[in-house]
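Right, one structure below, let's go through it.
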Amino acid sequence: MPNETDDANRRIRLTVSRSGTVLLVDEDCARLQHYSAILQAFGYQVEICASYEGGVRRLDADTLDFILVSQGSPNFEGRWGLERAIQIDRGLPVLVLARCLDMGCYLEAMQAGAVDYLAEPISVHDLLWALETHLRPARKEPARRTASETEGLNPLRLFD
């Protein structure tokens, strides 16, 4: 019996090569497994993290091409990862995944620099479309800042 990923493989013909490392941050292990399986089936390397604090630590250690972070509750715990990713590398795309649409969190995510915000149910097609639309092209040298470079960083001075 075909599953959702098999069905999506037959229906989706996106032209962008499927490669890159995606960090997936969510405190729900079932959701981590679900999204990880989909992304791996389409050729992405997936790093998973079951805590927001761990996801933030992983940002400092890994070279990533994309981040999928769960919104969490209406308190938007995933904001930590989003804000830290923008501090380290303004070009690193971050997609916020939400269990349900929360307009306040949506606006906050987009204002903080998220490239997209998807509310469940999220189809395989929509997930891959968002990922491949915003996946940054490969670069010779990543534009990353170290943790010591971002300590006390004034966002208003980024463009001086």
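No value in this document is a laboratory result; all are computed from the given coordinates. As the structure is a computational prediction, the values presented were derived from the model and not from experiment. Methodologically, a virtual Cβ is constructed for each residue, glycine included, from the backbone with ideal geometry; neighbour enumeration extends over all protein chains shown.
Think of the range 37-132 as a dipole: +1 on every Lys or Arg Cβ, -1 on every Asp or Glu Cβ, centred on the Cα centre; then among 44, 76, 114, 76 lies furthest on the positive end.
Arrange 83, 132 by Cβ neighbour counts within 10 Å, fewest through most, would you? Don't skip to the end; give the middle numbers.
On the way: 83 15, 132 18.
Least to most surrounded, the residues fall as 83, 132.
Taking a ≥ b ≥ c as the square roots of the eigenvalues of the Cα gyration tensor, the range 19-137 is rounded, since a/c falls below 1.5. When peptides 40-48, 88-96 are sorted by average Cβ neighbour count within 10 Å, with the highest value leading, the order is 88-96, 40-48.
Dipole check for the range 19-137: with +1 at the C-beta of Lys and Arg, -1 at the C-beta of Asp and Glu, and the Cα centre as origin, the magnitude is about 120 Debye.
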